[in-house]
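Notes to accompany the following structure.
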Amino acid sequence: MRRTTIAIIGGITLLVPAAGMTETLRQHDRSLDKRIERGDRRGSLSEKEERAVEEKQDQIARERAEAKEDGKVTNRERKSLRHEQKELSQDIYRKKHNERRDPNPRND
């Protein structure tokens, strides 16, 4: 009985971090969406820059979908996706702070 309980708790413990990691990827994706939207509204991202970062974000989403096709995102795939998200984040920062302004920012 005790061994069974320990095995069940151990199994649950191993599953929780994997679920959390996927959620972290989604949270980071939402954060990037908000940063792109703010840059568009404030005029710190030009239309061309916005299109470029959105295309990169779409590419990452396609890669995530491909990784999930076999039913499991491996640690290697997760690290690769996270690395690409970090690169995109840095790219958004550089594009927002390059002193080029959109002459007609959205004021939603």
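Read-outs throughout are calculated quantities, based only on the coordinates presented, and are distinct from any laboratory measurement. Keep in mind that this is a model prediction, so the values were computed, not measured. Backbone-built Cβ (ideal geometry, glycine too); neighbour counts: all protein chains shown.
Remark on Gly43: its backbone amide H falls under 5 Å from those of Arg106, a criterion applied only to residues 5 or more positions apart or on other chains, H modelled at 1.01 Å from N. Could you list the residues of segment 21-47 with an amide nitrogen less than 18 Å from a label point located 7 Å from the Cα of Asn98 in the Cα-to-C-beta direction? Answer for this model: 35-47. For segment 23-32, 3J(HN,Hα) computed residue by residue from phi via the Karplus equation (6.51, -1.76, 1.60; θ = phi - 60°) reads 5, 4, 4, 5, 4, 5, 4, 5, 4, 5 Hz, glycine and proline entered as x. In order along segment 55-69, the phi-based Karplus estimate (6.51 cos²θ - 1.76 cosθ + 1.60, θ = phi - 60°) of 3J(HN,Hα) comes to 5, 5, 5, 5, 4, 5, 5, 5, 5, 5, 4, 5, 5, 7, 4 Hz; Gly and Pro are listed as x. Of the cross-linked pairs Lys48/Lys68; Lys34/Lys96; Lys56/Lys86; Lys34/Lys95; Lys56/Lys95; Lys34/Lys79, those separated by over 19 Å at the C-alpha level are Lys48/Lys68; Lys34/Lys79.
Here the label points at Lys79 and Arg51, each 7 Å from Cα along the C-beta direction, are separated by 3.6 nm in the simple model. For segment 37-53, the Karplus equation 6.51 cos²θ - 1.76 cosθ + 1.60, evaluated at θ = phi - 60°, returns couplings of 4, 5, x, 5, 5, 7, x, 7, 10, 6, 4, 5, 5, 4, 4, 5, 6 Hz by residue, with Gly and Pro reported as x.
Would you mind putting 29-37, 66-74 in packing order, based on average other-beta-carbon counts within 10 Å, highest first? Spell out each step's value before the answer.
Details: 29-37: 14.6, 66-74: 11.1.
Averaged packing, sorted descending, gives the order 29-37, 66-74.
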